[in-house]
Amino acid sequence: AVPLFIDGISAFAFSELHGDRLRTLVPGREVVHLTGEYSGSLEPPSPTPAPSQPHVVYAGRYIPEKRVLDLVPALAWARQRIPGLRVTLLGDGPDREAVIAAVSAAGLDDVVTAPGFVSSEEVDATFASASVVVQPSCREGYGMVVVESSARGVPVVVARADDNAAVELVDEGVNGFIADDVTPAQLG
C-alpha cells in the first residue's frame, strides 16, 4: 500500500519516494509531502549513560519485507567483532519460527532475546538500553521505527532498497547509517 491520500485538489504522501512515484503516475498533480507523523515528545531526549553492553534492537513484524532473517547473519558477523553484543528482537509474524531457528543455527541463543510483541513501556525500556536500532526492511512507506529511535537519541541502521522510504529519515553519521545491502558485512 502506498501511503498517500488524494483529496479533490492535492495528493499527500509521507515520503518523497512515494510522492515522486505519484507525480510520475499522475503528471501535473500537486503532491504535498507530509512530515511530523510522530506523536511522541518533541523535547530532546535526556542524556543517558551508554549501555553497559552493546545492545542491538530490532522492532517490527517478522515478514519477508522486513528482512529479519537477513539480520541474523549480520548479527553473527557483528558478534564475532563485538564479543559482549546482545540483541533484542521485538515483534512477531509469520517468519518468527524461521528467525528463531536461524538464531539457534548461528549459535546466538545466549545473545538474542525475542519476546514478541511487548507493552509500550517495555518498548521504551528496550530502546533506552539500545546502542543501535537496526531496521533492514526492503519496503517502508515511512519508517516510524527510525523516527522513534531518533526521538530517543538512539542511532538507527537501515538498508538501502528501491521501496524503502525510511532511508529518507537517516542523516548519515548524525542519527544513523544506511547499509548499501543486507550482506553480513554491510548490515553488521
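Accessible surface area normalised per residue over the chain is 52 Å², counting heavy atoms of protein chains with a 1.4 Å rolling probe. Secondary structure note: in the chain, about 10% of the DSSP beta bridges are antiparallel. For Glu65, the accessible area of its heavy atoms, probed at 1.4 Å with every protein chain present, is near 60 square angstrom.
Within the chain, the selection of entire DSSP H helices by a Cα span of 18 Å or greater along the long axis and an average Kyte-Doolittle value of at least -0.5 returns 68-81.
Relative contact order of the chain: what whole-number percent is it, with Cα pairs under 8 angstrom and at least 6 residues apart?
Result for the chain is 23 percent.
Computed over the alpha-carbon pairs of region 81-130, the distance histogram in 5 Å steps reads 5, 18, 28, 22, 18, 9, 1 percent, short to long. Between His33, His55, His18, which gets the highest mean-square fluctuation from a Gaussian network model of the chain, Cα cutoff 10 Å? Evaluated over the chain, the most mobile residue of the options is His33. Counting only heavy atoms of the protein chains and using a 1.4 Å probe, Glu121 has close to 130 Å² of accessible surface. When the solvent-accessible area of the chain is split by element, carbon and sulfur atoms take up 56 percent of it, the probe being 1.4 Å.
Defining a contact as two alpha carbons under 8 Å apart and six or more residues distant in sequence, what relative contact order in percent does region 101-188 show?
On the way: 117 pairs, mean separation 19.9, N = 88.
Relative contact order of region 101-188: 23 percent.
The values are calculated or read from the model by the stated rules, or taken from the named source; none is laboratory data. Given the structure is predicted, the values throughout are model-derived calculations rather than measurements. Note: accessible area is taken over every heavy atom of the protein model, side chains too, but ligands, DNA and RNA are not part of it. Shrake-Rupley method; radii C 1.70, N 1.55, O 1.52, S 1.80 Å.
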